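Let me begin by presenting the structure, written as structure tokens, before commenting on it.
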Amino acid sequence: MLLSLELYETHAKMLFDLLKNSTFESVRVSIMVLMNDFYLKYPLAFAAYSNDVYGCLRDRSDNVRLAVLKTISNLILKEMVKPKGQISEIALCIIDKHPQIATLATSFFTELAKRQDGEALFNILPDIFSNLVGGKLDKQPQLNEEDFKSIIEFLFKYVSKEKQTE
């Protein structure tokens, strides 16, 4: 890793402006690859721009969305970043039209369901549900009933304990 925390803090805004606005897919993908490596070394730096990173899960490019999903899922599964309110953005990837993205998203939640005896996934279900239902997703068109049902049915198949089903 050739990027220092000081250099990142100085130029982070520019990087995220490029990530959101560059017309070149390769630039956006490269920035996400860099961010994956960087956040593994400096996970606390993720918090300041987490909305921007999660927002890129709606990028028009399949390759960018895939790079972002790999980065976020990697950080969460390595317990370097806690899943918070934006986790519903990953849940939306379950119904992504690109099969590799949908598969990665389902694998992410399957792995998360294995953590802490299912509690890791169970604890974030209310956030996912409320964001999908409550329309708290920025710039997200209304989720149709069929897609909502697909996401919720997939996630709720991991709710199995008596304590969790109460």
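Take the Cα of Lys157, step 7 Å toward its Cβ, do the same at Arg58, and the gap between the two points is 2.7 nm. Shape of segment 1-82 from its Cα gyration tensor (a ≥ b ≥ c, root eigenvalues): rounded if a/c is under 1.5, otherwise prolate when a/b > b/c, or oblate? Cα axes put segment 1-82 in the oblate bin. Quick check: Cα centre of segment 45-84 to Cα centre of segment 10-33, how many Å? After rounding, the separation between the Cα centres reads 13 Å.
Of the three principal axes defined by the Cα atoms of the chain, the extents in descending order read 49, 31, 26 Å. For Val159, the amide hydrogen comes within under 5 Å of no other amide hydrogen, counting only partners 5 or more places away or on other chains and with H modelled in the peptide plane.
Axis angle, to the nearest 10 degrees, between helix 145-156 and the longest C-alpha principal axis of the chain: 80 degrees.
Placing a label point 7 Å from the Cα of Met14 along the Cα-to-Cβ direction, the residues of segment 24-60 whose backbone N falls under 15 Å of that point are 31. When the listed pairs Lys78/Lys149; Lys13/Lys114; Lys20/Lys149; Lys114/Lys149 are checked against a 27 Å cut-off, the alpha-carbon distance exceeds it for Lys78/Lys149; Lys13/Lys114; Lys20/Lys149.
Read-outs: derived from the displayed coordinates by stated rules, not from any lab. Note that the coordinates shown come from a computational prediction; the quantities given were computed from them, not determined experimentally. Here Cβ is always computed from backbone atoms with ideal geometry, including for glycine, and neighbour counts include all displayed protein chains.
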